[in-house]
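Have a look at the structure below before the remarks.
The numbers here are math on the coordinates, done by the rules we state, and not lab data. Worth saying up front: this structure is predicted, and the values here are computed from it rather than measured. Cβ atoms come from the backbone with ideal geometry, glycine included; neighbour counts cover every protein chain shown.
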Amino acid sequence: MGKFVVLDHPLIQHKLTIIRRKETGSNEFRRIVGEIGGLMTYEITRDLPLQDVEIETPIGKTVQKEIAGKKLTIVPILRAGMGMVNGVLEMIPSAKVGVIGMYRDEETLKPHEYFCKMPKDVAERECLVVDPMLATGGSANMAIEALKKRGVKDIRLAVLVAAPEGVKAIQAEHPDVDIYAASLDDKLMDNGYIFPGLGDAGDRLFGTK
Ligand code: URA
């Protein structure tokens with residue numbers, strides 16, 4: 001079974017409370033979603049392997065550490081996942097971005113893939129799927145499936161707010177995928193929103209309500 005980790009660092013909790021407030025406007029919401037994405041990346045990448053590298057400082061030769069192993073692809077699920085990309089890129093500027101487009105049928109609440117553009121060497125990369133909300137888990141499950149079809153073996157999922165139902169759905173379909181969240185909320189409501197959640201993340205990011 002993949003790990004489910006709540007990254008409840010005080011800075012993350014504080015920033016999450018700001019974006020939960022209904023009076024927080026798109027400008028601030030967008031900025032803070034990015035910031036939380038960056039802070040989460042710091043924690044998610046704690047176990048990245050290191051290798052020795054010989055360098056020369058102005059004083060002399062020394063052996064130091066650099067990140068070894070696979071390169072990262074950030075995979076935002078359109079459109080709300082885009083809100084987390086810049087924050088992750090600030091921590092890992094060399095990461096590539098592979099975008100996957102899903103929309104949720106407002107009646108059935110089921111996700112549909114309509115766009116997928118990945119780096120050519122995605123199968124050799126570690127993928128970090130990002131989406132602010134893990135509600136039913138339908139979109140994230142489809143995005144993970146789409147990556148596995150393209151040969152990706154190493155996948156992590158980062159969300160801001162997770163519903164217990166969504167966590168269970170991912171763990172049932174993709175037990176090899178670790179899930180990281182800033183919060184595990186109470187429940188998924190019948191209308192598809194997470195309670196207490198933060199509302200529609202896409203609308204709040206892009207000011208489309
Ligand atoms: N998607 C959102 O944007 N918000 C929710 O609460 C659930 C799914």
Round to a whole angstrom and tell me the spacing of the C-alpha centers of segment 147-209 and segment 37-89. 23 Å
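With +1 on the Cβ of every Lys and Arg and -1 on the Cβ of every Asp and Glu, and nothing else charged, how large is the dipole of segment 1-54 about its Cα centre, in debye rounded to the nearest 20?
480 debye
Which whole-number percentage describes the relative contact order of the chain, with Cα contacts under 8 Å and a sequence gap of 6 or more?
It comes to 24 percent, rounded to a whole number.
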Under a point-charge model restricted to the Cβ atoms of Lys and Arg (+1) and Asp and Glu (-1), what is the dipole moment magnitude of the chain relative to its Cα centre, in debye to the nearest 20? 320 debye
Beta bridge orientation in the chain: antiparallel %, DSSP, nearest 5: 40 percent
Of 35-47, 103-115, 80-92, ordering from highest average Cβ density within 10 Å down gives 80-92, 35-47, 103-115
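Sort T17, T62 so the one with the fewest other Cβ atoms within 10 Å of its own Cβ comes first. Can you show the working numbers first?
Values: T17 13, T62 10.
If I rank by nearby Cβ atoms, fewest first, I get T62, T17.
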Given the Cα atoms of segment 73-197, and with Rh set as the inverse mean 1/r over their pairs in the Kirkwood sense, what is Rg to Rh to two decimals? 0.95
Cα lying deepest toward the dipole's positive end in segment 4-206, options V85, L7, L134, charges on Cβ: V85
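Give, as a single signed number, the net charge of other residues whose beta carbon lies under 12 Å from the beta carbon of P164, with Lys and Arg counted +1 and Asp and Glu -1.
Details: positive: K168, K187; negative: E165, D185, D186.
Once positives and negatives cancel, what remains is -1.
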Kirkwood hydrodynamic radius over Cα pairs of the chain, then Stokes diffusion coefficient at 4 °C and 1.567 mPa s, in µm²/s: 74 µm²/s
Looking only at segment 142-169, which residues have a backbone nitrogen under 20 Å from a spot 7 Å from the Cα of D200 in the C-beta direction? 160-163
Using the alpha carbons of segment 96-145, what is the convex hull volume per residue in cubic angstrom, as a whole number? 78 Å³
For H174, H14, H9, what ranking results if the residue with the fewest other Cβ atoms within 10 Å of its Cβ goes first? H14, H9, H174
Tell me which lysines have Cα within less than 29 Å of K120's Cα, excluding those fewer than 8 residues away on the same chain? K3, K65, K70, K71, K96, K110, K148, K149, K153
